[in-house]
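The values are calculated or read from the model by the stated rules, or taken from the named source; none is laboratory data. Please read all numbers here as calculations on a predicted model, not as lab measurements. Note: ideal-geometry Cβ built from the backbone for every residue, glycine included; neighbour counts use all protein chains shown. Note: accessible area is taken over every heavy atom of the protein model, side chains too, but ligands, DNA and RNA are not part of it. Shrake-Rupley method; radii C 1.70, N 1.55, O 1.52, S 1.80 Å.
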Amino acid sequence: MYWSKAFIPTLKEMPQEAESLSHKFLLRSGAMRMLMAGAYIYLPLGLKVLENIQGIIRQEMNSCGASELLLPALHPLELWQKTGRDKDLGEVMFKFTDRRGRKLALGPTHEEVITELVKGQVSSYRQLPLVLYQIQTKFRDEIRPRFGLIRACEFIMKDAYSFDQDEVGLDKNYELMYEAYKRIFKRCGLDILITEADSGVMGGKVSHEFMVQAPLGEDIVLVCAKCRKAKAHKEGDNLCPACKSPMEKVNAIEVGHIFKLGTKYSQSMQANFSDDKGELKPVIMGCYGIGVSRLVSAIIEQNNDPDGIIWPKEVTPYQIIVLPLDVTNQEVMRQAEDFYKQLNALGFSVLFDDRDVRPGVKFKDADLLGIPLEVVIGKESLKNNSLELKDRRTKEKLVKPAAEILAKIREFYHG
Ligand SMILES: Nc1ncnc2c1ncn2[C@@H]1O[C@H](COP(=O)(O)OP(=O)(O)OP(=O)(O)O)[C@@H](O)[C@H]1O
Ligand SMILES: [Mg+2]
Ligand SMILES: [Zn+2]
């Protein structure tokens, strides 16, 4: 992709409205813009990251035997009245009346809708277990939308729901999800703290939260200095359950939350199935959320330096950025285009900075964007018949002939 066509409006100045490091870098690197507090525009660069995260999530969900569907954002309020959660969620739900006088809500989450669906479609134990998920836009009228994508009023969530005949089945699906979550966050380049949490408005018993340590995090987690084990912060006890060492309080961002719901929703909504003895029983449920758009910010909070973002390999919007330092020099451009085409042919995603700007601007913008590998081609390269490869994270530079640089790039991405 040529920069001149890609629509990457980078900013030289620090945006005034940015309240967090990730928000600042998302705006400056031209990945995102604000429409209003709580609602954001994903520009092409931001959208690519979002799609990469979604790709990882889909792979890992599918590998657990979950099936993807897509539920509407528009809900009849009536459905929420069945479980009483219209009251529990209160002001958080966007509610309104349509021209026919129907009372509607914009979905803040989808337990009611999915339970209603399964109630209508599943009647026998033979149809269980069943695990469904979606990647979809949620709406919450948050009291304090802030930190950009971290707490928005319109945001993207992955929500999965499991349906089982018994607790043994639920435990199995829960364990599968727990392991899949660890893989997802690892692939997103995150170091995750996992805490056992109380499940609040969701009801149910067991739940785990997946947290990313960051100074702006709105949650407090206790972490063992010795073994890194984490737990939810409660008054009093602050010894590590594993090694009995003292634990320290850290701020963290919640990026995922999984719950064993049991029969909370199936009972209040009469989602029953007949078991192998013909007995009618409520289905046993679990629910599993990931803040997909919040993840974009959380990844930046953990992967940056003063110069900008450092995207982890699997989520980066482009794998390589090629910087021809002088676009008016035909030889430089020929060599750069040539290398760009080779990379494309090998299946790499490449951004080609074809802008006629000073080298200093290109270097600064490349570091700001955070693409893991930068290839620099200038007059010097022509003389020595070699290119320069820079690793964005380590800042290490390598000057070698094109063939060797190519081998390095392949090694970096394909191990
Ligand atoms: N307002 C929001 N903006 C962006 N992401 C959100 C928001 N609210 C929740 N999420 C994400 O969706 C996931 C699943 O939603 P869940 O209902 O469990 O969140 P929550 O417990 O209300 O989160 P929080 O405590 O941060 O408000 C969360 O783990 C979080 O990553
Ligand atoms: Mg919340
Ligand atoms: Zn410990």
*Sequence of Lys234, Lys226 from largest to smallest accessible area, 1.4 Å probe*: Lys226, Lys234
*Could you pull out every one of the lysines with an alpha carbon less than 16 Å from that of Lys379, ignoring same-chain neighbours closer than 8 positions?*
Lys362, Lys400
*With just the Cα atoms of the range 320-414, tell me how far they stretch along each of the three principal axes, in Å, largest first.*
34, 27, 22
*Which whole-number percent gives the relative contact order of the chain, counting Cα pairs below 8 Å spaced six or more residues apart?*
16
*Go through Lys82/Lys231; Lys103/Lys281; Lys82/Lys205; Lys186/Lys341; Lys158/Lys186 and tell me which ones have a Cα-Cα distance over 25 Å in this structure.*
Lys82/Lys231; Lys103/Lys281; Lys186/Lys341
*asked:* Using only the alpha-carbon atoms, how far is helix 359-369 inclined from the longest principal axis of the chain? Give it as 0 to 90 degrees, nearest 10.
replied: 10
_Antiparallel content of DSSP bridges confined to the range 320-414, in %, to 5_ = 50
*asked:* Ordering Thr394, Thr137, Thr195 by accessible area with a probe of 1.4 Å, largest first, what comes out?
replied: Thr394, Thr137, Thr195
*Using only protein heavy atoms and a 1.4 Å probe, report how much of His233 is accessible, in Å² to the nearest 10.*
60
_Degrees, to the nearest 10: 292-302 long Cα axis against longest axis of the chain_ = 50
*Counting DSSP beta bridges in the range 3-305, what percent are antiparallel, to the nearest 5?*
95
*Ser386: accessible area at probe 1.4 Å, nearest 10 Å²?*
10
*Which value, in Å² rounded to 10, gives the accessible area of Ser349 with a 1.4 Å probe and all protein chains present?*
40
*Mind checking which aspartates and glutamates have their C-alpha under 13 Å from Lys390, skipping anything on the same chain fewer than 8 residues away?*
Asp367, Glu374
*Hey, any idea what % of the chain's accessible area is carbon plus sulfur with a 1.4 Å probe?*
51
*Positive-end extreme of charge dipole, the chain - chosen from Cys153, Met333, Leu70 (charges on Cβ)*: Met333
*With all protein chains present and a 1.4 Å probe, how do Leu382, Leu43 order by accessible area, largest first?*
Leu382, Leu43
_Most fluctuating residue given options Phe363, Phe273, Phe25, as computed from a GNM of the chain linking Cα atoms under 10 Å_ = Phe363
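Rounded to the nearest 20 debye, what is the charge dipole size of the range 209-331 about its Cα centre when +1 sits on each Lys and Arg Cβ and -1 on each Asp and Glu Cβ?
Dipole size: approximately 780 debye.
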*Treating the angle as unsigned and between 0 and 90°, give the value, to the nearest 10°, between the Cα long axis of helix 111-121 and the longest Cα principal axis of the chain.*
70
*Suppose every K and R has +1 on its Cβ and every D and E has -1 on its Cβ; what is the size of the dipole of the chain about the Cα centre, in Debye to the nearest 20?*
300
*asked:* Using the Cα atoms of the chain, I'd like the radius of gyration and the largest Cα-Cα distance, Dmax, both in angstrom.
replied: 24.5, 82
